[in-house]
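A quick write-up on the structure given underneath.
Only the coordinates and a few stated rules stand behind these numbers; no lab work does. These numbers were taken from a predicted model, which means no experiment stands behind them. Every residue, glycine among them, receives a Cβ derived from its backbone with ideal geometry; neighbour counts consider all protein chains shown.
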Amino acid sequence: MAKLKILTGANNLILRKKSEAVKAAEISGKKLSKLIKDMRDTLGANDLGLAAAQVGSSVRVCLVRLNSGTNQARVIVMINPEIAPAGRETEIAEEGCLSLPEVWVRVERKKNITVKFLDVKGAEQVLTLENLNARVIQHEIDHLDGILIVDKGTAAVGKKTIL
Ligand code: ZN
């Protein structure tokens, strides 16, 4: 079990860097497998997501916990995720971030999305998601592009969701 250090701070250079796509040959490699295992160990039981950049690796990999708080809850690994809106509707909600402790921001996100990604075996997967599941993915993909919630909205009062 290797818990990694989570980088923090809106000016952290790794958090602000655009992450590189994972190459097909790297997917079954030891280096990526170890990173994903360590990220799983690092994701707290109540955390909804973690991007590789947050633990210091600038590669397009993230973990997301879908259906949090239900008996359908599961953690999915997404490699090279690409997102497309599925509808025009947006929703504003308060978000926090493991990399910005004590910061809460009201962020407008697409309510429905489709996300295409590679799983840990390199197989292409497509999911259509809504509400909190869609929000978590949009937040994590922002991390892969060096974008943080402080860029997205206005400061919120109170505590809601940590992604
Ligand atoms: Zn975050």
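Values for this structure:
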{"item": "For the chain: relative contact order, % (alpha-carbon pairs under 8 angstrom, 6 or more apart)", "result": "27"}
{"item": "Ranked by how many other beta carbons lie within 10 Å on average, peptides 118-125, 75-82 from highest", "result": "75-82, 118-125"}
{"item": "The stretch 63-94: trypsin sites (Lys or Arg not before Pro) in DSSP coil with no more than 14 other Cβ atoms inside 10 Å", "result": "Arg88"}
